[in-house]
Amino acid sequence: MRKQKGFSLIELLIVVAIILIIAAIAIPNLLRARIAANESAAVSAVRTINTAEISYSTQYPTVGYAAALLNLGGAPAICGSGGTGPVQASACLIDNVLALASATPGKSGYKYAATPVLVGTINTSYTVGASPLTYNQSGVRNFCSNDDGVLRFDPGAAASAPVTTEAACVAFTVLQ
């Protein structure tokens with residue numbers, strides 16, 4: 001009788017079990033890395049919005065800060081090459097994906113809101129907030145900033161929304 005070459009069923013089961021154990025260890029680490037990347041992108045986006053708000057208020061002093069996040073962005077037909085160029089309604093200061101990230105699908109797992117404070121006819125301050133689209137999957141912390149430029153964070157909760165008031169933002173912990 002000839003001896004057959006190949007792997008026995010037991011050997012194959014052992015290899016599959018080892019692969020499953022490695023996957024069970026690696027997948028939670030990958031999810032945590034994804035959350036950390038999304039949170040880092042959210043902090044960067046809030047900083048970008050802060051810079052855009054200051055540029056907007058300098059560019060349009062009779063308006064003050066932008067009335068909405070959309071006013072900081074602009075469609076390619078306006079901001080792109082051959083476009084009409086920046087205007088008060090589309091200042092071309094941030095990319096349009098971020099300007100439209102006030103609702104789902106958001107950007108990098110976060111949704112954003114920029115809320116101005118109107119005094120008379122001028123927006124004298126603003127609050128920008130970011131919250132995870134899916135708590136504990138796309139992020140676990142909410143971020144915000146006011147016209148003071150200080151970034152703050154707070155452990156989020158399921159179904160939390162971006163902060164829209166200065167008082168709520170100031171209550172958050174300062175991001176170091």
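Which aspartates and glutamates have a Cα lying under 13 Å from the Cα of Lys107, excluding residues fewer than 8 positions away in the same chain? Once the sequence-local aspartates and glutamates are set aside, what remains near Lys107 is Glu39, Asp95.
Residues whose amide H comes within less than 5 Å of that of Tyr126, counting only those at least five positions distant or on another chain, are Val117, Asp147 (H built at 1.01 Å from N in the peptide plane).
Computed from Cα positions, the angle between helix 9-59 and the longest principal axis of the chain comes to roughly 10 degrees.
As a calculated quantity, the FRET efficiency between Leu118 and Ala158 at R0 = 41 Å, using C-beta atoms, amounts to about 0.80.
Computing FRET efficiency as 1/(1 + (r/R0)^6) for Thr51 and Ala26, where r is the C-beta to C-beta distance and R0 is 30 Å, gives about 0.20.
Using C-alpha pairs below 8 Å separated by at least 6 residues, the relative contact order for the range 35-174 is 22 percent.
Highest GNM mean-square fluctuation, the chain, Cα pairs closer than 10 Å: which of Cys144, Cys92, Cys79? Comparing Cys144, Cys92, Cys79 in a Gaussian network model of the chain, the most mobile one is Cys79. Phi angles across the range 125-138 convert, under the Karplus curve 6.51 cos²θ - 1.76 cosθ + 1.60 with θ = phi - 60°, into 3J(HN,Hα) values of 7, 7, 9, 10, x, 9, 9, x, 5, 10, 4, 6, 10, 9 Hz, Gly and Pro given as x. From the alpha carbon centroid of the range 91-115 to that of the range 154-172 is 17 Å. Modelled spin-label separation between Thr58 and Glu11, with each label point placed 7 Å from Cα along the Cα-to-Cβ direction: 7.0 nm. Restricting the calculation to Cα atoms, the chain yields a radius of gyration followed by a Dmax of 23.4, 98 Å. Close amide H contacts of Thr134 (hydrogens built in the peptide plane, cut-off under 5 Å, sequence separation of 5 or more or a different chain): Gly139.
Going highest first, how would you order 34-42, 15-23 by mean Cβ packing within 10 Å?
Highest to lowest by the protection proxy: 34-42, 15-23.
Where a number appears in this text, it was derived from the coordinates with a stated rule and is not lab data. None of the values given here were measured: they were computed from a predicted structure. Don't worry about glycine lacking a Cβ; one is built from the backbone with ideal geometry, like all the others, and counts go over all protein chains shown.
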